[in-house]
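The values are calculated or read from the model by the stated rules, or taken from the named source; none is laboratory data. All figures in this text were calculated on a predicted structure; none of them were measured in a lab. Using ideal geometry, Cβ is built from the backbone for each residue, glycine included, and neighbour counts are taken over all protein chains shown. Just so you know, the surface numbers come from the protein's heavy atoms only, side chains and all, with ligands and any DNA or RNA stripped out. Shrake-Rupley method; radii C 1.70, N 1.55, O 1.52, S 1.80 Å.
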4 protein chains.
Amino acid sequence: MADFTRQMPRIATVVYPKDLGAILIFGDIFPGAMVLEAGSGSGAVTIALARAVGDGGQIISYDLREDMIKRARANADALLPNTSHVTFKLGDVYQGLEENELDRIILDLPEPWHVVPHAAEALVPGGVFLSFLPTVMQVHDLTQTLRSQGTFDIIETVEILLRPWSVTSRSIRPAQRMVGHTGFITTARRCSRRSPQNDINVAEPTD
Amino acid sequence: MADFTRQMPRIATVVYPKDLGAILIFGDIFPGAMVLEAGSGSGAVTIALARAVGDGGQIISYDLREDMIKRARANADALLPNTSHVTFKLGDVYQGLEENELDRIILDLPEPWHVVPHAAEALVPGGVFLSFLPTVMQVHDLTQTLRSQGTFDIIETVEILLRPWSVTSRSIRPAQRMVGHTGFITTARRCSRRSPQNDINVAEPTD
Amino acid sequence: MADFTRQMPRIATVVYPKDLGAILIFGDIFPGAMVLEAGSGSGAVTIALARAVGDGGQIISYDLREDMIKRARANADALLPNTSHVTFKLGDVYQGLEENELDRIILDLPEPWHVVPHAAEALVPGGVFLSFLPTVMQVHDLTQTLRSQGTFDIIETVEILLRPWSVTSRSIRPAQRMVGHTGFITTARRCSRRSPQNDINVAEPTD
Amino acid sequence: MADFTRQMPRIATVVYPKDLGAILIFGDIFPGAMVLEAGSGSGAVTIALARAVGDGGQIISYDLREDMIKRARANADALLPNTSHVTFKLGDVYQGLEENELDRIILDLPEPWHVVPHAAEALVPGGVFLSFLPTVMQVHDLTQTLRSQGTFDIIETVEILLRPWSVTSRSIRPAQRMVGHTGFITTARRCSRRSPQNDINVAEPTD
């Protein structure tokens, strides 16, 4: 998967291997899961998700642009032995989701907070919401929306840094250049609905 | 998976979620793959691998210690819906591997260089060898053995750092404490056999 | 200095050695410089600055609180051979600065943007403004104020991470725990005054 | 200093500003100190040290190569208001040091372990030995030599990472590229002489 991602034509932001692995693990993607993804982008995340849920699972991948979907589908067809469990849909997830009983929602979109109220309805209890965002302000706005929604718990943000090493017979050291930043991964778990006022004590973590 | 790993009783070194994700992606684990793992440890890697290969794949998990295998099997039984594709074996992979036509070999062992000659025989061409090691000296010794073996290509080492963030309504900043180190991930790809002397030009990467 | 800082009683936020070194270098502190600092805090930055400017320089250290000044002065007296070039002043730098012809302004305050207009007047052309801030939002607000002021150039923010290593005869690896975050260092250089509308092309760097 | 270093012609390895600051702080350079440095290189470290010790201190800067010394001296003359307290010397510090009663020894050399026995003689009790090294193996060899010498205590290695940030009105995020590695800083403090066998309990730190 790492090799494949680096070879794929870069149409949208490409999600780096280090982040793909983290999305699978922190998104808790499991075989048989029903996963909604948006946007389809280049299809890199779609393919990783499709592999991880297996044939018994289901991937619904939304994008706003017909050409993106075409490209993502072509990449998926080329790289997956079977795509019968992957559905690409043209549509705007900010406006709403047609699906429900979703196990996981994985978003690589600039304004994921618009999806939060729809996700609160569409996710099963215990379902995971995951968003990949490049800037800190976006993380802030998303976190505030998730908190005030009152349906989400365990709201956490991490970033993953990959440090390559150079190892030769006489020299071992980190590589002199590295990728300094790709994006932040924010996750939240849908809990049983509570009234927002119960959240007062939950809200602000400190360390 | 992230949640699960943190809850699991710590018997052997626990592999952190950030590393589990990287092992799946940099190990290029795919549905249907035949994967050998050693050692079984707590079963955390076993379970992640079993999920990723799906029911159509196969996991053979070796450990030297009967009690480890017992524990890993108990964890796998508790956390996987189906373990018919997971086999635990008591044995010392430093001495040799009974399997062949393996797609992937994933090692969490202190001296993985002893497995390199056996891996060269047991992996299919294009098969991936991955090792997780805590110290730099071990990475050096493994890399030297992989290079001199003459059967492996694209020998690379990375480490993954996870930086947690603290996000509240008024404050956004990285968390004040973080895990500074878990281990290094070294990968290599088995190529078609070549005589070692052809390797002269491959050997020492620079950056 | 590193040793000393760790031993000092922690009254205000202590600035870590890694950040002290960066403040000296990115603040371009030189022998003979006239430096304004606020707040005095524990005196750790004051002492590092006093050493770096030497007896031929001058440190004016402001704090809002009498008790802080007392403590900082006691620490400075205990740790510097000579404090004749260090002046502590009770005062609120948000309201204005009595000094001018300052070479450097070093701020460890929660709302340094209030100081920007005063700094624009008090710094010599080429003078350096440096601020140490724990959260990203503060860095954003400060940067916006520095940009819109039209008197500052080369506005940059960095953070410094220190990774300790564990080296024994048999094992070399990073330490397993590290400090994940202390603060961000924002620097700007006072240029000759320009009208703000000339700034249109300066404004937004990309990488 | 940060600006200056980036402008300086790169003849030898240039020490980055982030490391210069750390060398001053972790090397505990103070006004009036007597400091031996090797090699002179481009003079960047020499100049930072000369500033930090002030006119009351003294810098002796060794290099093996006449042309390096010429260049370092030219840079020092151009950038320091006064160089009367800086002496450049042609010589091989692996063979021995002519100086004694040194407060600090700062080494940017490939095999600093050859200097350890000479440093043990030349440093005052409490004096600091600091070495900047690019690879892990070198750090290992130096640390082992410092430990077995029996004259040094508080032997520590750190590395400094600088992460630049991009801050605009609408976007705050780390820069997408960063320097992944420059070097490791190893420090040790000369204690009163002890017999090496007393070191058995000191030797191996764990975390």
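Points to keep in mind about this one:
- DSSP H segments from chain B that extend 15 Å or more along their own axis, Cα-based, with Kyte-Doolittle mean of 1.0 or above: none
- Size descriptors for the protein assembly as shown: radius of gyration and Dmax over Cα atoms are 28.8, 82 Å.
- The interface between chain C and chain D buries about 4100 Å² of solvent-accessible area in total (1.4 Å probe, ligands and nucleic acids excluded).
- With every protein chain in place, the stretch D:135-196: carbon and sulfur % of accessible area (1.4 Å): 50 percent
- Partner shielding of C:30-42 amounts to 2, given as the average count of beta-carbon atoms from other chains within 10 Å of each residue beta-carbon.
- Quotient of C-alpha Rg and 2.2 N^0.38 Å, computed over the stretch C:138-177: 2.17
- The Cα atoms of the stretch A:55-126 give a gyration tensor whose axes a ≥ b ≥ c have a/c of 1.5 or more with a/b no greater than b/c, which makes the shape oblate.
- Residue with peak Gaussian network fluctuation, chain A [Cα springs, cutoff 10 Å], from A:LEU161, A:LEU49, A:LEU97: A:LEU161
- Under 9 Å, Cβ to Cβ, from A:GLY43 - net charge with Lys/Arg +1 and Asp/Glu -1: +2
- Helix-derived mean residue ellipticity, 222 nm - over chain B, DSSP H n ≥ 4, -39500 (n - 2.57), to 500: -8500 deg cm²/dmol
- Heavy-atom surface of the protein assembly as shown, accessible at 1.4 Å and reported per residue (Å²): 39 Å²
- Pairwise centroid distance, computed over Cα atoms, of the stretch A:39-99 with the stretch C:53-103, Å: 62 Å
- About the Cα centre, charge dipole magnitude for the protein assembly as shown (Lys/Arg +1, Asp/Glu -1 at Cβ), debye: 0 debye
- Kirkwood Rh, angstrom, the stretch B:86-163 [1 / mean 1/r, Cα pairs]: 13.3 Å
- Relative contact order of the stretch A:50-207, defined on C-alpha pairs under 8 angstrom at six or more residues apart (%): 20 percent
- Mean per-residue shielding of peptide D:77-85 is 1, counting Cβ atoms of other chains within 10 Å of each Cβ.
- Neighbouring partner chain Cβ atoms per residue of A:48-56, average, 10 Å criterion: 4
- Taking every protein chain into account, the 1.4 Å probe leaves A:HIS85 with about 10 Å² of accessible area, to the nearest ten.
- The packing ranking, built from the mean of other Cβ atoms within 10 Å per residue, places the peptides A:21-27, B:178-184, C:88-94 in the order A:21-27, B:178-184, C:88-94, highest first.
- Descending Cα extents along the principal axes, the stretch B:53-184, whole Å: 59, 40, 28
- ³J(HN,Hα), Karplus 6.51/-1.76/1.60, whole Hz, each residue of the stretch C:174-189, x for Gly, Pro: x, 5, 6, 10, 8, 6, x, 6, 10, x, 9, 10, 10, 10, 8, 10
- For A:ILE60, net neighbour charge (Lys/Arg +1, Asp/Glu -1) across residues whose Cβ lies under 12 Å away: -4
- When the stretch C:89-130 is reduced to its Cα atoms, the Kirkwood hydrodynamic radius in Å: 10.4 Å
- Look at the dipole of the stretch A:1-140 built from charges on Cβ: of A:TYR62, A:SER84, A:ALA74, the Cα furthest out on the positive end belongs to A:ALA74.
- In this structure, the amide hydrogen of A:LYS89, modeled 1.01 Å from its nitrogen in the peptide plane, lies closer than 5 angstrom to those of A:SER61, A:TYR62, A:ASP63, counting only residues at least 5 positions away or on a different chain.
- Chain A residue with Cβ closest to the axis mapping A onto C, distance in whole Å: A:VAL136, 2
- Under 20 Å of direct C-alpha separation, and excluding same-chain neighbours fewer than eight residues apart, D:LYS70 reaches these aspartates and glutamates: D:GLU37, D:ASP92, D:ASP108.
- The stretch D:20-125: GluC sites (Glu not before Pro) falling in loop per DSSP and having at most 14 other Cβ within 10 Å: D:GLU98, D:GLU101
- Counting Cα-Cα pairs of the stretch A:20-88 in 10 Å increments starting at 0 gives whole-percent bin shares of 24, 58, 18.
- Label-reachable residues, the stretch C:138-177, where backbone N falls under 17 Å from a point 7 Å from B:THR168's Cα toward its Cβ: C:138-139
- Distant-in-sequence amide contacts of B:GLY54, defined by a placed amide H-H separation under 5 Å and a gap of 5 or more residues or a different chain, comprise B:GLY32.
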